[in-house]
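Here the structure is laid out as structure tokens; the discussion comes afterwards.
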Amino acid sequence: MKGIALLDDEEARGMAEVEEIEHHGTVYLLLRMRKMRLLTRDEALTDLNEMIHMGWRCSTELYGEILMGMK
């Protein structure tokens, strides 16, 4: 089957790698939707900040990289 698994769970990502399944997380989806112009930059940023508010963790470096990808 051809497709992409959307996974944020580390164990699930490991299993996808073992099975050689292409996988990405929620941030990939946000950036992809931004690139496709399905979300404005402000909407994507609001969603990212809501993820962080709900407990998703990322380093300040990763946050900066994500912001650069939202241009």
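The values are calculated or read from the model by the stated rules, or taken from the named source; none is laboratory data. Fair warning: this is a prediction, and the values are worked out from it, not measured in the lab. Glycine gets a Cβ as well: all are built from the backbone with ideal geometry, and neighbour counts include every protein chain shown. Ligands, DNA and RNA are excluded from the accessible area calculation, which covers all protein heavy atoms including side chains. Shrake-Rupley method; radii C 1.70, N 1.55, O 1.52, S 1.80 Å.
The H on the amide N of residue 25, modeled in the peptide plane, is under 5 Å from the matching H of 7, each at least 5 residues off or on a different chain. The length gained on full extension between residue 56 and residue 41, counted as 0.36 nm times the residue separation minus their Cα-Cα distance, comes to 3.5 nm.
Computed with the Debye formula from one identical point scatterer per Cα of the chain, without solvent, the log10 of I(q)/I(0) at q = 0.13, 0.15, 0.16, 0.23 Å⁻¹ comes to -0.42, -0.55, -0.62, -1.07. Within the stretch 1-60, the GluC sites (Glu not before Pro) that combine a DSSP coil assignment with at most 15 other C-beta atoms in a 10 angstrom radius are 19, 20, 22. Solvent-accessible surface (1.4 Å probe) assigned to residue 47 amounts to roughly 70 Å².
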